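The structure appears right after this line, and notes come after that.
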Amino acid sequence: MSAAEETPGTPSRPARTARPATDRLAPPLDLAALVADPDTRIIVCCGSGGVGKTTTSAALALAAAEAGRRVVVLTIDPARRLAQSLGLVELDNEPRPVDVPGVPGELHAMMLDMKRTFDDIVVAHSTAERAEQILENPFYQTLSSSFAGTQEYMAMEKLGQLRAGDEWDLIVVDTPPSRSALDFLDAPNRMSRFLDGTMIRLLTAPARAGGRAGFKFASAGFMIFTRIISKILGGQLLRDISAFVAALDTMFGGFRERATATYELLRKPGTWFVVVATPEPDALREASYFVDRLSAEGMPLAGLVLNRTHPPASTTLSATRAEAAAEAVDDGDAVAALAAGVLRVHAERMTLATREQRLADRFTSAHPEVAIRTVPAAAGDVHDLDGLRTMGEALTGADDDTPTGVPRARVLPARRA
């Protein structure tokens, strides 16, 4: 059951869940300790699209550099917002240093180039002649740049390469803006299934049987199969695919081994997942699915960053009382009209904050063990280091160090029944 569908008092949950949703307190998420801990080597920021994963990743990386660590942040965001916010003209497939004056650590950034990463794998794990055959194959060129799932798999490959080099104290990964955040976790297994698929085995069978001789002695059933596929795909495309899988055949084992190794890397101590969501039903529903998946896979979850919340300047005046006060003072006088306007703005903000807190409480009802850190919405887009530093302070600041004293695990104070 998703967070959006959870209701208090269901028989399958402990009796304590029968209390009002506003009484459910999520544990605080201590991101300052997480990024400063030398045992933390990988942080994966994940969630649905458009929730602020890229800026969250960059802000955490900057906070880690300020804590004295050598950090690289890997983004898969094609919009290049990370480069702009870090003061760089562009990012590419290799880490680039970011100039952050006065920071005791080091900050580097890079943006995944999935085709170049795929090309590097081919060159590194095959002979020069075989690599040339693969790189020039038309089907490979399509696969390496636009095939469904390639971006997620190459993100995993690049993560494995960065970690294997042992050059970085911390690697922060901004996962791809996929339709579903679960695609990132599924990428290694999806690639393995693709390599082990029936179609691939059929296309590689003649090559494994001896190239042209294999085709000569292929079964009648296979010849019928190839004629059917030729009509569907076209003869040239089928020949391109056959040549590609024949050239790639010797690399299949390496793909599987790296896919398995990178997947296991995500489960090892030192790796933490940070789920990012906004206080919207769809984003929290996706976050709930992801939390369930991480739990099922035995992967370490640090907690949820609830981004772009709208806490009010004061929590002592309710929306109802503010609206009533606005009506009482609004008598047409300019000063009174201004006061009434301020009261109505506060009422709107309290109403919005109440809605956001209710959604957060539903998530906590479904996942009471998940730590939460709320981050207020910025006045505008985060486009420079100062903006990232401000967001980093919201992510890593002391739990009760807020203007209203409300813990950072919440938008509004908890009400007791």
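The values are calculated or read from the model by the stated rules, or taken from the named source; none is laboratory data. Values in this document were obtained by computation on a predicted structure and should not be read as measured data. A quick note on method: Cβ atoms are made from the backbone with ideal geometry, for glycine too, and the neighbour counts reach across all protein chains shown.
Here are the numbers for this structure:
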{"read-out": "In segment 364-389, the residues that are part of a loop (DSSP other than H, G, I, E, B) and of a type in the set (D, E, K, R)", "value": "369, 381, 384"}
{"read-out": "Residue check for residue 103: at pLDDT 80 or above, farther than 22 Å from residue 52 by Cα, over 24 Å from the mean Cα position of the chain (by Cα) and surrounded by 15 or more Cβ atoms within 10 Å (Cβ to Cβ)", "value": "yes"}
{"read-out": "Test: residue in segment 74-81 that is under 26 Å from residue 278 (Cβ atoms), surrounded by 15 or more Cβ atoms within 10 Å (Cβ to Cβ), in contact with a Gly (Cβ under 7 Å, 6 or more places away or on another chain) and in contact (Cβ under 8 Å) with a residue 60 or more places away in the chain", "value": "no"}
{"read-out": "Residues located in segment 114-143, provided they are touching an Asp or Glu at 6+ places or on another chain (Cβ under 7 Å) and either surrounded by 18 or more Cβ atoms within 10 Å (Cβ to Cβ) or small (Gly, Ala, Ser) (or both)", "value": "117, 121, 137, 139"}
{"read-out": "Residue pairs meeting the criteria (Cβ under 6 Å; at least 6 apart or on separate chains; first within 30 Å of residue 355 (Cα to Cα), in segment 262-285; second of a type in the set (S, T, N, Q))", "value": "276/56; 276/307; 278/307; 279/309; 283/48; 285/2"}
{"read-out": "Residue count for segment 314-363, restricted to those that are buried (at least 16 other Cβ atoms within 10 Å of the Cβ), aliphatic (A, V, I, L, M) and outside any helix (DSSP H, G or I)", "value": "0"}
{"read-out": "Hits in segment 391-417 - residues which are polar (S, T, N, Q) and either in a loop (DSSP other than H, G, I, E, B) or surrounded by fewer than 16 Cβ atoms within 10 Å (Cβ to Cβ) (or both)", "value": "402, 404"}
